[in-house]
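The structure appears right after this line, and notes come after that.
The values are calculated or read from the model by the stated rules, or taken from the named source; none is laboratory data. All values derive from a computational prediction rather than experimental measurement. In this analysis, Cβ positions are derived from the backbone assuming ideal geometry, glycine residues included, and neighbour counts consider all displayed protein chains. The accessibility values were calculated without ligands, DNA or RNA, using every heavy atom of the protein model including side chains. Shrake-Rupley method; radii C 1.70, N 1.55, O 1.52, S 1.80 Å.
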Amino acid sequence: MGKNSKINIWVLIAGLAVGIAALVLTALGNPKNMGFCIACFERDIAGSLGLHQAAVVQYVRPEIIGLVLGSFIISLATKEFKAKAGSSPAVRFILGMCVMIGALVFLGCPLRMVIRMGGGDLNAFVGLAGFVIGILIGIFFLKKGFSLKRNYNVTTTEGLALPISSVVLLVLVIAVPSIFIFSEMGPGSMHAPLLASLVIAMVVGALCQKSRLCMVGGMRDVVMFKDFNLLSGFGVIFVTILVGNAILGNFHGFSAYLQPIAHASQLWNLLGMVIVGWGSVLLGGCPLRQLILAGEGNGDSAVTVFGMIFGAAIAHNFKLAGSAASLAEDGTYNAGGIADTGKVAVVIIFAVLLFVSIMNIPKLAKKTK
């Protein structure tokens with residue numbers, strides 16, 4: 001380990017809290033192997049707002065609201081709330097879309113990938129390989145000088161964009177739930193009670209803000225600085241989920257066959273997470289980290305979150321997202337995967353990521369002009 005690789009106790013506590021939260025929320029009603037999934041939950045919110053019409057994934061997930069508010073409250077209390085923005089917002093919006101589409105090709109964000117691994121889903125280990133490859137590609141461009149430029153101090157209003165939006169969404173879903181669309185079957189119909197989801201997520205959001213927990217940042221630090229601090233938190237999440245599932249009787253060994261809300265099209269599991277890893281490095285953090293940063297006043301991360309929600313709508317409106325493996329009544333096994341439109345989208349996104357990576361390296365950008 002490098003000289004700066006001392007493990008921060010808050011990272012371990014945050015990892016343990018996330019793992020326990022995922023287990024508890026699943027026991028309370030969230031889909032199996034999906035106690036916490038930033039991409040899936042933002043997709044559900046997009047559906048509930050009517051941005052896409054996939055009837056089985058529409059629900060206002062309190063966990064997303066809770067993560068933002070938990071980060072917001074703790075950052076105010078510790079005087080770490082700082083309104084900043086202006087670092088290539090349009091590019092960040094597009095990258096947020098790309099990361100979301102990649103995650104939905106795989107059927108999960110980096111956090112759900114670890115949760116699926118702890119549930120025995122071998123498909124998620126394929127996703128992990130792709131995620132690492134994507135991070136290594138991103139690091140290559142970082143070493144070449146990639147940057148979306150610095151952000152600047154802005155008005156408090158800008159920093160409050162996502163926290164206020166989250167509060168408004170929470171008030172509306174409690175006061176006038178009839179204006180939203182809610183799934184009557186499928187993953188969107190499976191959810192823990194609103195108050196429990198909100199409170200648990202607020203605690204997790206506060207701990208993630210305190211610890212700076214980020215899987216992309218963790219792997220980046222290992223490769224670039226031999227620093228295992230942040231990555232240790234995700235090791236704790238994996239162990240907590242694995243042990244918790246064993247204790248609860250939910251672990252039945254490792255298999256790629258008929259895992260909850262997952263497909264066994266391994267090439268696309270891999271490529272989807274390459275996109276997530278690469279795009280997240282360019283953004284400076286994974287989907288979870290973007291929510292936490294937005295909660296503490298980062299307007300650029302708020303733009304990224306909005307880009308991800310829009311990306312979820314695009315993914316389902318144009319059939320880019322993966323479909324889960326299934327078993328027909330006659331016993332025929334369907335491994336699931338993605339449609340041809342999704343495969344084309346993956347190729348296009350790789351081209352977009354390459355273009356953004358090259359054009360934001362000053363020396364390389366000059367050569368292309």
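Can you tell which of Phe93, Phe125, Phe106 is buried (at least 18 other Cβ atoms within 10 Å of the Cβ) and closer than 30 Å to Gly244 by Cα? Only one candidate passes the filter, namely Phe106. Phe72 - would you say it is surrounded by fewer than 24 Cβ atoms within 10 Å (Cβ to Cβ), of a type in the set (Phe, Trp, Tyr) and more than 22 Å from His316 (Cβ to Cβ)? Criteria not met by Phe72. Going through (1) open to solvent by 10 Å² or more (accessible area, probe 1.4 Å); (2) in a helix (DSSP H, G or I) one by one, Phe81 falls short only on (2). Say whether the condition of being under 20 Å from the mean Cα position of the chain (by Cα) and closer than 20 Å to Ser301 by Cβ is met by at least one residue in segment 148-161. Yes; the residues of segment 148-161 include at least one that is under 20 Å from the mean Cα position of the chain (by Cα) and closer than 20 Å to Ser301 by Cβ.
Among (1) over 18 Å from Ile73 (Cβ atoms); (2) touching a residue at least 40 places away in the same chain (Cβ under 8 Å); (3) open to solvent by 60 Å² or more (accessible area, probe 1.4 Å); (4) not polar (S, T, N, Q), where does Val167 come up short? Condition not satisfied by Val167: (1). Consider segment 134-158. How many of its residues are part of a helix (DSSP H, G or I) and either touching a strand residue (DSSP E or B) at 6+ places or on another chain (Cβ under 7 Å) or crowded, with 16+ Cβ neighbours inside 10 Å (or both)? Adding up the residues that qualify gives 9. A count restricted to segment 83-98 and to residues that are closer than 13 Å to Ala313 by Cα and touching a Ser or Thr at 6+ places or on another chain (Cβ under 6 Å) stands at 1. Among the candidates Ala55, Ala46, the residue that is in a loop (DSSP other than H, G, I, E, B) and either surrounded by fewer than 23 Cβ atoms within 10 Å (Cβ to Cβ) or out of contact with any Cys (no Cβ under 9 Å at 6 or more places or on another chain) (or both) is uniquely Ala55.
Here the helices (runs of 4 or more DSSP H) wholly within segment 253-369 that include at least 2 residues being open to solvent by 40 Å² or more (accessible area, probe 1.4 Å) are 266-283, 299-317, 340-359, 362-368. When segment 170-188 is limited to residues that are part of a loop (DSSP other than H, G, I, E, B) and touching a residue at least 60 places away in the same chain (Cβ under 8 Å), the one that is most open to solvent (accessible area, probe 1.4 Å) turns out to be Glu184.
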